[in-house]
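The block underneath contains the structure these notes are about, expressed in structure tokens.
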Amino acid sequence: MGIYLNPNNVNFSRDLASEIYIDKSMLLSVLNKMINTNRNLLCVSRPRRFGKSMAENMMAAYYSKGADSRSLFAELKFGKDPSFEKYLNKCNVIMIDMNGMFNNKESGYSTVKFFTKAIAAELRDAFPMVEIRDTQTLPDMIGAVYQATGEQFIIIIDEYDVLVREKVSRDEFAEYLQFLNGMFKNANLLPAIMLAYMTGILPIVRDKIQSKLNNFKEYTMLGAGSLTEFVGFTEDETRSLCERYNMDFAECRRWFNGYHLKDMDIYNPNAVVTAMLDGEYGNYWAKTGSYEALKDYILMNFDGIKDDVVAMLGGKRVKVEVMSYLNTMTDFAGKDDVFTYLIHLGYLAYDSVTKSCYIPNYEIRCEWVIAIKESPDYAYIMKMINASEELLEATLECDESAVAAALDNAHSVVMNNLTYNKEACFQSAIVLSYFYARSKYTIVTELPTGKGYADVAFIPFVPNVPAIIIELKNTAKATAETALDQIKSKQYFVGLEHYSGDILLVGVSYDPENKEHQCRIEKFIKE
């Protein structure tokens, strides 16, 4: 038993002892099917606090010869799986925490040389019959052990991308890429590797000259395939926790839902667990340490980035080309690369069907507002956001002139001359100008209801406030009265079948010639 070679199961025991532990042990059943196949090299990337290290602790506890973990799995799902006995504590495991190695390396050592030295000492103890020389690389050492004994290895690398994300010297970065290629692009060494499992925030580095580790199967926030249910908490798992801790699940969905992978809604485990233990919902994302990335990158001077940020703050989805990003911290060529990076960080979610990105939930939306708050580039947006409470209040008081005046300002400051008259942009401006309403309402655009689609619907999740349906008209001939009549004639309120309280019907018109808004508001009691 060592620290890096064949570790014990203490970390996994501590995970199991947590007040909240969600059983993700069936990941091991999936991995067992990959061992010693042509699918045995995996890179699993996901945002901070999404449970990457807990998965690796579980893997080490199950596979490592340095542990006796039968009792730990007795009550878990995988403990009853047909493949449970096959590899239980029968494998040589090398586990490398790249973040720990990078931050704690001895003076005079590169990160690679530091962990090579540490693992070499443990390999000598475990395999005294094999000559392990200080001049050898770690791949060479593993190859020597395999050649002499036939012993294979499972390689687990946590936060493999630390040296990609940190500002290290070109030489140290090149040495690390050489290590990865020597370990996993070496045909002579691959028979010695039963399974390789790397995690990080970013997918594997790509460039125009050399494909880095293209023999790895990648599972990312763009698509996690067969590992989707292990990326974070599923909706069923989250709902179960809300029932256990007597927390409102609908409110939990509003705060933390929004990542949709394959056919599943995925929740950030850290945020959900913290909310359950604290007994209240709040913004826990700022504590993950990646806030500065959001702030820095949305201020980059790339064409269209500011307009798209405004659109997403207004609830829209924007098209994104995710394949151009090289997964580095230096090769950002445009807004698509920035948005793809923010998808991997979790600040945006990705819709693989429409090839678009969006702000996933209320918690993350709050982070975006914090990020733009002090930027002069977004001062006009912050002015709208700060005024949004007054706009909601004016709407609830049926003050038609105040609402029209506020929308005049919102429409003009958000949209440039090319997009000013487009109805979709008009809708986005409306939603953004009601930003504060998200503290009381779920805002839905294009809600299927009655005989058509309501442009914007505000569905309350707090008591004693009415629902709101807004219809927009964007032509010189249309009036606010026309918009209001359409709500009533097409019975848009029918779509709120689960809501029985008062509804405010809001008709808004915009005349593109004089650039003025009109507003009509009526109260409606839904039977």
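The values are calculated or read from the model by the stated rules, or taken from the named source; none is laboratory data. Since this is a predicted model, take the numbers as computed values, not measurements. FYI the Cβ positions are ideal-geometry reconstructions off the backbone, even for glycines, and counts take in every protein chain you see.
State which residue is surrounded by the fewest Cβ atoms within 10 Å (Cβ to Cβ) when the search covers only segment 123-168 and only residues that are hydroxyl-bearing (Ser, Thr, Tyr) and over 29 Å from the mean Cα position of the chain (by Cα).
THR135
Let's see how each residue does on (1) touching a Ser or Thr at 6+ places or on another chain (Cβ under 6 Å); (2) farther than 21 Å from ALA192 by Cα; (3) modelled with pLDDT of 95 or more:
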| residue | (1), (2), (3) |
| --- | --- |
| ARG70 | no, yes, yes |
| ILE96 | no, no, yes |
| GLU122 | no, no, yes |
| LEU138 | yes, no, yes |
| GLY143 | no, no, yes |
| SER169 | no, yes, no |
| LEU177 | no, no, no |
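Would you pick out the residues in segment 27-53 that are within 22 Å of the chain's Cα centre (by Cα) and either assigned by TED's automatic domain parsing to the domain that holds ILE364 or not in a helix (DSSP H, G or I) (or both)?
Once the filter is applied, which keeps residues that are within 22 Å of the chain's Cα centre (by Cα) and either assigned by TED's automatic domain parsing to the domain that holds ILE364 or not in a helix (DSSP H, G or I) (or both), segment 27-53 yields LEU42, CYS43, VAL44, SER45, ARG46, PRO47, ARG48, ARG49, PHE50, GLY51.
So which residues in segment 423-445 are under 12 Å from LYS316 (Cα atoms) and under 25 Å from the mean Cα position of the chain (by Cα)?
SER428, VAL431, LEU432, ILE443, VAL444, THR445
Give me the pairs, please: first residue somewhere in segment 498-527 and assigned by TED's automatic domain parsing to the domain that holds THR479 and buried (at least 23 other Cβ atoms within 10 Å of the Cβ), second residue anywhere and part of a loop (DSSP other than H, G, I, E, B) and hydroxyl-bearing (Ser, Thr, Tyr), beta-carbon distance under 7 Å, and either six or more positions apart or on two chains.
Once the first residue is assigned by TED's automatic domain parsing to the domain that holds THR479 and buried (at least 23 other Cβ atoms within 10 Å of the Cβ) and sits in segment 498-527, its partners that are part of a loop (DSSP other than H, G, I, E, B) and hydroxyl-bearing (Ser, Thr, Tyr) give SER509/THR479.
Can you tell me how many residues in segment 475-527 are assigned to a loop (DSSP other than H, G, I, E, B), under 40 Å from the mean Cα position of the chain (by Cα), within 16 Å of GLY452 (Cβ to Cβ) and not charged (D, E, K, R)?
2
Just name the residue that is nearest to VAL205 (Cα to Cα) out of those in segment 19-44 that are of a type in the set (S, T, N, Q) and in contact (Cβ under 8 Å) with a residue 24 or more places away in the chain.
ASN40
Can you confirm whether segment 236-244 contains a residue that is hydroxyl-bearing (Ser, Thr, Tyr) and at pLDDT 95 or above?
Checked segment 236-244: at least one residue is hydroxyl-bearing (Ser, Thr, Tyr) and at pLDDT 95 or above.
With a cut-off of at least 2 residues that are surrounded by fewer than 20 Cβ atoms within 10 Å (Cβ to Cβ) and within 17 Å of the chain's Cα centre (by Cα), name the strands (runs of 3 or more DSSP E) lying wholly within segment 248-352.
264-267
Whether any residue in segment 491-503 is aliphatic (A, V, I, L, M), in contact with an Asp or Glu (Cβ under 7 Å, 6 or more places away or on another chain) and more than 18 Å from ASN409 (Cα to Cα) is what I want to check.
No, the conditions are met nowhere in segment 491-503.
Tally up the residues in segment 231-246 that are in contact (Cβ under 8 Å) with a residue 24 or more places away in the chain, assigned to a loop (DSSP other than H, G, I, E, B) and surrounded by fewer than 20 Cβ atoms within 10 Å (Cβ to Cβ), please.
Result for segment 231-246: 1.
Determine, yes or no, whether SER25 is modelled with pLDDT of 95 or more, crowded, with 20+ Cβ neighbours inside 10 Å and over 30 Å from CYS242 (Cβ atoms).
no
Is it the case that segment 125-139 has a residue that's more than 19 Å from ASN181 (Cα to Cα), part of a helix (DSSP H, G or I) and not aromatic (Phe, Trp, Tyr)?
Yes: one or more hits.
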